[in-house]
Amino acid sequence: MSIDLNSLNVAELEALAQKIEARKVEVEKEAKQAAYAEMLEVAEKHGLAFDDVIAQHSGKIRKAGAKAPAKYANPSDPSQTWSGRGRKPAWVHEALEAGKSIDDLTI
């Protein structure tokens with residue numbers, strides 16, 4: 001696909017630039033989601049909880065009474081998780097209002 005930039009006016013160039021930025025954000029999110037999914041698979045393959053692997057790597061081993069493991073993840077940003085305890089985060093409320101069920105958010 002080639003676009004003749006010389007034939008576009010300022011408004012068309014601006015619209016194209018906005019589409020490019022939006023697509024860049026989408027591609028980055030897709031890459032992060034794919035990387036996160038791969039990391040979860042590797043941890044599962046070795047019989048480990050992903051959070052434990054991350055905690056050990058960062059030098060912070062979980063202890064009894066520590067933060068509960070995540071049960072739910074934001075489909076549009078997997079780095080946002082929720083254990084199912086306490087108040088629901090805003091992204092959970094938004095997903096539920098958009099017609100998703102809580103099961104759709106399960107990790």
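In the range 18-43, the residues that are within 14 Å of P78 (Cα to Cα) form Cβ pairs under 7 Å with partners that are in a helix (DSSP H, G or I), at six or more places apart or across chains, as follows: M39/F50; L40/F50. Exactly one residue out of A68, A35, A11, A31 is assigned to a loop (DSSP other than H, G, I, E, B) and out of contact with any helix residue (DSSP H, G or I) (no Cβ under 8 Å at 6 or more places or on another chain): that is A68. When G84 is tested against (1) of a type outside the set (F, W, Y); (2) modelled with pLDDT of 90 or more; (3) not in a loop (DSSP other than H, G, I, E, B), just one condition goes unmet, and that condition is (3). Restricting to the range 38-53, and then to whatever is part of a helix (DSSP H, G or I) and hydrophobic (A, V, I, L, M, F, W, C), can you tell me which residue is surrounded by the fewest Cβ atoms within 10 Å (Cβ to Cβ)? Step by step, filter the range 38-53, then rank; the result is V42.
The values are calculated or read from the model by the stated rules, or taken from the named source; none is laboratory data. For clarity, every value in this text was computed on a predicted model and none was experimentally measured. Positions of Cβ are backbone-derived with ideal geometry, glycine not excepted, and every protein chain shown enters the neighbour counts.
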